[in-house]
Amino acid sequence: MKIFSSIVNWYFNRKTLPYWCILLIDYTIILISGLLGYYFLRGGSAIVSNFWSILLQLLVLLIPYTIAFRIFHTYSGIFRFSSFVDLTRIFYAMALGTAIAYVGYVFLPENDKVLLSSPGLMLVFVIMATSTMCAVRVVVKTMYDLFRTSEMTRGIFIYGTQSGGISLAKSIRNEVPARYSIRGFVSPDEDMKGHWVMGKPVWTDSDDLVTLMRKERATALIVSPLQTTHFREQDTIINALISAGIKIMMMPNTEEEWDGKSELRSSLLHEVDIEDLLPRQKIEVDMQAIGRLLKANRILITGAAGSIGSEMVYQVARFNPKEMILIDQAETPMHNVRRIMAAKYPDILCHTIVASITNQTFMENIFRRYKPDYVFHAAAYKHVPMMEDNPAMAVQNNVYGTRVIADLAVKYSTKKFVMISTDKAVNPTNVMGCSKRICEIYCQSLNRAIEKANEAGQTEGINPKLLQADGQLPCTQFVTTRFGNVLGSNGSVIPIFKDQIAKGGPVTVTHPDIIRYFMLIPEACKLVLEAGTMGKGGEIFVFDMGKPVRIADLAKRMITLSGAHDVRVEFTGLRDGEKLYEEVLNDAEHTLPTVHPKIMVAQVREYDYDQACQNEQRLLEASFTYDDMAIVKIMKEIVPEFKSRQSKYEALD
């Protein structure tokens, strides 16, 4: 069987069956069809007596049919990939060739009109030739599909019967060698039940897919890109497939959504990770508005080597800014960003700078030199347990570092300053969350002070920190964005769980009821850019993070997806400063809608700028005492809603 399959693959490939061979086969079919048609209608004696005359007429008929074949490219296809479109082209070509032949009828001598003089004979001939050409292509394709299937070919179902599922199915059928054999389709539309697509039956979500797939010896379900959002919400189906050991495959997450028209390559399919299956809605942003904002401007990004910062770099780069200034204190990750930018965006003038945002002298040198138009501030210490043990560093890096960058943005005429905050800043229970809340307070109070200065319309009596370097009134708008955990970020639970599973467990979860909101890094960055576009200054934007995820359930599903056995989940207890669930808004706050359904504006308590400056300065001075209790005490005074959990700082409450 393998030898015969190899011969079939060799014989029917493009090199051994060039286009002229296909044309020769079609010529032969025309000649034989003409002779057989004459035989059936006139008998054997008639064809013997007129054989050479009939053959000559058929050879002449090849001329109009060759013209028609050329117009409709009937011989340009590959037999093994024949489709309904190819069969339709044959029909059109034969119709056109016959029409051309009848136009030339008047120029033929009477004795040479044996075929054309009889409409019935011509009709039989055309039907026979057309049917035979189509049949040959169907038979060749069927033989090819039959014999290229091996023991290694995986049986699959396709989830989706619209254009995405059909495009995937066509790509799968055209693969050489064949990796998948389509056994059926699944549709979320109940009306499709009982129908057939591409010769395969269609089932629906309500059917017992596991039983059906086992019956059809299908070991994987491939999800159409048009159905991924719907499929992620089908927890019952997903859990049943995973428990049965049936693989789920999807197209990779890409920045650009499939347009519904271009070809889908099955070679891109991959077995899903947990990130692919978490329920989330599609996020759309106004890319044109973002492009108008950023194009031909100087963009500065802090924390540019981090999970969020680096994605911000690549998304901003797509809009072809005039210049990019990237800052991070992590040398090796920054080197990687530098290499990627040089490879993917060689035309963008890009400066990769290794530095700490707390180095005020160096930061001022950067702002003075490049004068950025837009600043995206992503630099921060973010790990809750680390900052709980090192509050001085949380203050010096997060709080003071933000103040340095914010003040310089004002001084050097930055148009807009977008700070990336966190849901942990709401009703903070840990030092990290409180430090980010203090950053929010400073930026918002600074923005309000700028507005008041511009309303007054004079520079006299204004805090010098609010003036530009040339002594003019400030123009900077400050915008803050809050969101929750991002999938796959450095130090997040998913990479940790993967590592623990690979080592045989246990997978450690702090509490059986702990939940978190998750968002993909590219999605979060898109919303940051959108918020930065719509922000007029002073807003704190909060994102709709979708449905919360129970971390214990996340761990169990990851274990099942990995195929690992005997890996257990171990509950270790809440860590210092950790709470069971994250909030997006303070209890005393409420939100206002924006033009984007996923972005809201938080209505928060306003703070006086001078008071915010005094608080920050007092906190900074305390940080250099490295007295944890004294530092956190001041933080709690600045942010009264800061109530510690699972922490030694509870004594201060």
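Considering the stretch 28-52, and only residues there that are surrounded by fewer than 17 Cβ atoms within 10 Å (Cβ to Cβ) and hydroxyl-bearing (Ser, Thr, Tyr), the residue that is farthest from residue 63 (Cα to Cα) turns out to be 45. Taking the listed residues 312, 287, the one that is buried (at least 18 other Cβ atoms within 10 Å of the Cβ), modelled with pLDDT under 95 and more than 30 Å from residue 617 (Cα to Cα) is 312, with no other qualifying. For the stretch 221-237, what are the residues that are touching a strand residue (DSSP E or B) at 6+ places or on another chain (Cβ under 7 Å) and without any contact (Cβ under 8 Å) to a residue 60 or more places away in the chain? Passing the criteria: only 228.
Given the criterion part of a helix (DSSP H, G or I) and modelled with pLDDT under 80, identify the matching residue among 561, 529, 574. Reasoning before the result, please.
Working: 529 fails: modelled with pLDDT under 80; 574 fails: part of a helix (DSSP H, G or I).
Exactly one of 561, 529, 574 is part of a helix (DSSP H, G or I) and modelled with pLDDT under 80, namely 561.
Quickly run through the stretch 139-170 and pick out the residues that are of a type outside the set (Lys, Arg), surrounded by fewer than 22 Cβ atoms within 10 Å (Cβ to Cβ) and at pLDDT 75 or above. Please lay out each step first, then the result.
Applying the first criterion (of a type outside the set (Lys, Arg)) to the stretch 139-170 yields 139-140, 142-147, 149-153, 155-169.
Now narrow it down to the ones that are surrounded by fewer than 22 Cβ atoms within 10 Å (Cβ to Cβ): 139-140, 142-143, 145-147, 149-153, 155, 162-164, 166.
Correct list: 139, 155, 162, 163, 164, 166.
Conditions (1) at negative phi; (2) in a helix (DSSP H, G or I); (3) in contact with a Gly (Cβ under 8 Å, 6 or more places away or on another chain); (4) surrounded by fewer than 24 Cβ atoms within 10 Å (Cβ to Cβ), marked per residue:
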{"residue": "396", "(1), (2), (3), (4)": "yes, yes, no, yes"}
{"residue": "405", "(1), (2), (3), (4)": "yes, yes, no, no"}
{"residue": "417", "(1), (2), (3), (4)": "yes, no, no, no"}
{"residue": "443", "(1), (2), (3), (4)": "yes, yes, no, no"}
{"residue": "446", "(1), (2), (3), (4)": "yes, yes, no, no"}
{"residue": "449", "(1), (2), (3), (4)": "yes, yes, no, yes"}
{"residue": "453", "(1), (2), (3), (4)": "yes, yes, no, yes"}
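Within the stretch 162-220, the set of residues being of a type outside the set (Val, Ile, Thr), within 21 Å of residue 238 (Cα to Cα) and in contact (Cβ under 8 Å) with a residue 60 or more places away in the chain comprises 162, 164, 165, 168, 180, 216, 217, 218, 220. Of everything in the stretch 309-328 that's in contact (Cβ under 8 Å) with a residue 60 or more places away in the chain and over 16 Å from the mean Cα position of the chain (by Cα), which residue is farthest from residue 356 (Cα to Cα)? Checking each candidate, the answer is 316. Residues in the stretch 610-653 that are assigned to a loop (DSSP other than H, G, I, E, B) and polar (S, T, N, Q) were compared, and the one that is surrounded by the fewest Cβ atoms within 10 Å (Cβ to Cβ) is 625. Among the residues of the stretch 201-248, those that are farther than 22 Å from residue 170 by Cα, over 26 Å from the mean Cα position of the chain (by Cα) and part of a loop (DSSP other than H, G, I, E, B) comprise 206, 207, 208, 244.
The values are calculated or read from the model by the stated rules, or taken from the named source; none is laboratory data. Only a predicted model underlies this, so the values are computations on that prediction, with no experimental measurement involved. All Cβ positions, even for glycine, are placed from backbone atoms using ideal geometry, and neighbour counts span all protein chains on display.
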